[in-house]
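To start, the structure itself, in C-alpha cells.
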C-alpha cells in the first residue's frame, strides 16, 4: 500500500491515532485521576474524611457485622433471571472477606451466598458488600457514590460499557493502538535524540503543537509503553480467554490439584464446626511475614466454607512497600487455627507478571511516584490532544480551500474529548456538593450531571468550531477553558461552603486528600485561565497567519500527501 | 530528602545533556562559542547515574527504577520548558572549564 | 514519486488483516504456546501467564507488519492462515494433553 516503511508507519500513526485517540484520551485522563481515586472519594464523601486505619479486630468488630450481612437486591434480581424463577429462602453464606489499603479510611466487607437451585450452575452465588468505618463498625450508607473508585476508575478501563464487556475490548484495542502509535511515532520522528528537549512555543501553531506532541510522547515513552502493555496483560484473560475455552479442562484440573497440594478444601464437608480466634491467626501471619524479612499489615482477609469443618482463613499481606501486589498469603484451618499452608515465593514468570500488574495497579505507598504517575498520565493526554490539534492545523487550510468540513468535525470531536471531558469531570464534582444529601439515588443524579455536562459541552463544541471551515481558530477551545476555570473554582468554594474544610483548615491539619484535591482544582482553573487568554491572543493572530502556511518539517509534506 | 536529591540530580543531568547540543547552548549562552560538549555529556551522564543510585538508596529495589524513569521524564519536561521560556536560568550550570579554541 | 491513493476496499482489507488477522495470529500463538509449555511440563499458572506476557508484543509486531508489508495477500496468508493453523494445532495438542 505504501512505497516505504516510514510512510506506512506515518499512515498508521495518523489514522489509528486519530480514531482511537478519543478513547485513549479518556483512558489516560481517568487513569491519571484514578491514581488518587481513594483521595477523590474522601472529597466526594465527607463522612469518610478521617485517617486510614489498619484492619480492625475480626473477633471483636468484624464478626458480628459479617453475621448480619445480606445479599444485595440487584444481585438477587439477576440471580432470579439466571435461575428462571424464585430463589430458595435459604441462601447459605459460603465465604466472606474484608479488604483495606494504606489509603483507605473505610473497610470494604463482602460476602458470597450460595444459590442452590440453579440447574445450569450448581456453584451459582450472589454477593453482598458494604463499607464500614473501622473505628466504630458503623456502616457507611450506600448512596454515597465513590466518585474516584467507582466512577472515574471503571471509566478508565471499561468506559462504563459493561454490555458484553464491550468497553474492555474497546479500551484494549486502544491500548494496542497506543503501542503501535508509539512505535510508529519513533519511526516517523527522525531526530528523536537531537530534538529531545525541543519546544518552540513562539513558532507557528502547527510547529509548536508538533514540538509539544513529540516532547510529551518521547520523554514519557517508557511510561506510555509500559502502562499500555501492563494494562493489556491485566485483562489478558478477557482478550484471550483460553481458560474458559480450549484449555478449560486443564485449568480446572490444575485448580483442583493446587487446592489438594495446598490442603485447602475445594468444597465444604457438610459438617458444622466453629471458627477459632481469627485475631490469633492474624498475629501468626504477621509473625511469619516478619520472619521472612517482610513485616507488614493485613491487606485482605477471607474466610471460606464458613461454619464448616473444611473452613479455612486466608490472610494476605498489604504490599504497600513494594511494587508487586498483595500476596504472601498464609492459610489457616478454620476450626483449629492451625497453619495449613503458606504461599511460596513466586516463580520467575509469576514474579514478572506480579511486577507488571503491580506497577500498573499501584498498591504501593510512595506519594512521589504517584504524582509522577499523574504527570505521566497527563503527559499522555497532552500528547494525544496535541496530536488532534496538529491534525486539524495541518489540514484546515486545505479543507477551507476545498470547502470540505473534515477538519472542522475533527476539531469539534477534539474539543469535546479534551476540554469537554474536563468540564464533565468538574460538573460531577460540583453536583456532588450541590445535590441534597438525602436525595434518593443521589449517585445516579451525580452520574447524570457528568454525562449531561459532557453532552452539553459536545453540542457547544459542534456549534463553536464552525470557524474552522474558514481555517480560523475555533472559539470553542477558549470558551471551554473559561468554563473549566469557573467550575474548578466553584468546586473548591462549594467544598468550603458545604463541609467547612477550606484550604487553610485542611493544610494546617495536614489532611492532604482534601487539601490536595482543592489545590489541584485551583491549579487546573489557573491553567485554564492562562490557556484561555493565550488562545484569545492566538485567535486574533491566526487570522493573519492563515495565509502563510505551516513551517516546513521535511516529514510533513510527504505525510500530508499520503494522509489527506 | 534523598528522593529530592535524586530528582534534582536527574534534572541537572538532563540540563547538562541538553547544553551539550548546539541549539540549546545557543539559547542559554546567546553565543555560538565552542561548547565543551564532551565535558557536558560526561557531567550529564554522571548526574543521571548518581540519580539512579540515589533512587535505589531511597526505596525498595522494585520501586527505585520506576521512580528514576519517571523523574527523568519530569526532568526532561522541565528542561524543555525552561529552554523554551527562560533559558538564561540555566546559565549557572555551565562548567567553568576553558573550551579549546 | 507519485503516490496513488489506495481504494477504500484495499484500505479496509489492510485494516481487517491487521486487526482481525493479527488477533487470530495472536490467539494461535497463545494457545499453541500454552499447549507446548504444558506439554513440556510447565505448570498451568506459569504457562498461561508467560503466554499472556508475550501475546501483546507479538500482536503489536504483526499489526505493524500488516501495514508495512508490500504484499497484502502475503499478510492475509501469514496472519489469518498462520493463525488458523496454530489454533488448530493447539486444539489437537490440548486434546492430547488431557
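Miscellaneous remarks
- Checked against the criteria, residue A:419 counts as touching a helix residue (DSSP H, G or I) at 6+ places or on another chain (Cβ under 7 Å), modelled with pLDDT of 90 or more and part of a helix (DSSP H, G or I).
- Highlighted here are the helices (runs of 4 or more DSSP H) found entirely within segment A:1-89 that include at least 1 residues which are over 29 Å from residue A:140 (Cα atoms): A:5-34, A:73-83.
- Residues in segment A:445-484 that are in contact (Cβ under 8 Å) with a residue 40 or more places away in the chain, farther than 19 Å from residue A:417 by Cβ and assigned to a helix (DSSP H, G or I): A:446, A:469, A:470.
- Test set (1) at pLDDT below 90; (2) out of contact with any helix residue (DSSP H, G or I) (no Cβ under 7 Å at 6 or more places or on another chain) - residue A:45 fails condition number: (1)
- Filter result (touching a helix residue (DSSP H, G or I) at 6+ places or on another chain (Cβ under 8 Å) and assigned to a loop (DSSP other than H, G, I, E, B)) within segment A:489-510: A:501, A:502
- If you go through segment B:1-10 and keep only what is surrounded by fewer than 20 Cβ atoms within 10 Å (Cβ to Cβ) and either at pLDDT 90 or above or within 14 Å of residue B:87 (Cα to Cα) (or both), you end up with B:2, B:3, B:4, B:5, B:8.
- Search result, residues across segment A:360-369 that are within 7 Å of chain B (Cβ to nearest Cβ) and assigned to a loop (DSSP other than H, G, I, E, B): A:364, A:366
- Checklist (1) crowded, with 19+ Cβ neighbours inside 10 Å; (2) modelled with pLDDT of 95 or more; (3) within 30 Å of residue A:449 (Cα to Cα); (4) more than 15 Å from the chain's Cα centre (by Cα) applied to residue A:213, failing item: (3)
- When residue A:378 is tested against the conditions (1) surrounded by fewer than 23 Cβ atoms within 10 Å (Cβ to Cβ); (2) more than 12 Å from chain B (Cβ to nearest Cβ); (3) assigned to a helix (DSSP H, G or I), the lone failure is (2).
- Any hit, segment A:332-353, residues being surrounded by 21 or more Cβ atoms within 10 Å (Cβ to Cβ) and within 14 Å of chain B (Cβ to nearest Cβ): yes
- Qualifying residue in segment B:4-22 (condition: away from chain A (no Cβ under 13 Å) and in contact with a helix residue (DSSP H, G or I) (Cβ under 7 Å, 6 or more places away or on another chain)): yes
- Among the residues here, residue B:11 does not qualify as outside any loop (DSSP other than H, G, I, E, B) and either in contact with a strand residue (DSSP E or B) (Cβ under 8 Å, 6 or more places away or on another chain) or more than 21 Å from residue A:199 (Cβ to Cβ) (or both).
- Count of segment B:58-96 residues which are more than 26 Å from residue A:382 (Cβ to Cβ), within 13 Å of chain A (Cβ to nearest Cβ) and assigned to a helix (DSSP H, G or I): 2
- Number of the condition not met by residue A:372 [criteria: (1) free of Cβ contacts under 8 Å to residues at least 40 places away in the same chain; (2) within 30 Å of residue A:230 (Cα to Cα); (3) more than 10 Å from chain B (Cβ to nearest Cβ)]: (3)
- Of the helices (runs of 4 or more DSSP H) lying entirely inside segment A:159-249, those carrying at least 1 residues that are more than 8 Å from every other protein chain (Cβ to nearest Cβ), free of Cβ contacts under 8 Å to residues at least 24 places away in the same chain and touching a helix residue (DSSP H, G or I) at 6+ places or on another chain (Cβ under 9 Å) are A:166-188, A:205-219.
- Count of segment B:29-42 residues, restricted to those that are in contact with a helix residue (DSSP H, G or I) (Cβ under 6 Å, 6 or more places away or on another chain) and either more than 13 Å from residue B:94 (Cα to Cα) or surrounded by fewer than 21 Cβ atoms within 10 Å (Cβ to Cβ) (or both), is 1.
- Pair list, Cβ under 7 Å, 6 or more apart: segment B:1-27 residue free of Cβ contacts under 8 Å to residues at least 24 places away in the same chain, other residue in a loop (DSSP other than H, G, I, E, B): B:21/A:194; B:25/B:35; B:26/B:32
- Against the numbered list (1) more than 30 Å from residue B:87 (Cβ to Cβ); (2) under 23 Å from the mean Cα position of the chain (by Cα); (3) surrounded by 18 or more Cβ atoms within 10 Å (Cβ to Cβ), residue A:182 comes up short only at (1).
- Count of residues meeting criterion [touching a helix residue (DSSP H, G or I) at 6+ places or on another chain (Cβ under 6 Å), at pLDDT 90 or above and either surrounded by fewer than 21 Cβ atoms within 10 Å (Cβ to Cβ) or in a loop (DSSP other than H, G, I, E, B) (or both)] in segment A:279-320: 1
- Failed item, numbered, when residue B:55 is tested on (1) in contact with a helix residue (DSSP H, G or I) (Cβ under 6 Å, 6 or more places away or on another chain); (2) surrounded by 13 or more Cβ atoms within 10 Å (Cβ to Cβ); (3) touching a residue at least 12 places away in the same chain (Cβ under 8 Å); (4) more than 11 Å from chain A (Cβ to nearest Cβ): (4)
- Residue A:274 being buried (at least 17 other Cβ atoms within 10 Å of the Cβ) and in contact (Cβ under 8 Å) with a residue 12 or more places away in the chain: no
The values are calculated or read from the model by the stated rules, or taken from the named source; none is laboratory data. Just so it is clear, the model here is predicted, and its values are computed rather than measured. Backbone-built Cβ (ideal geometry, glycine too); neighbour counts: all protein chains shown.
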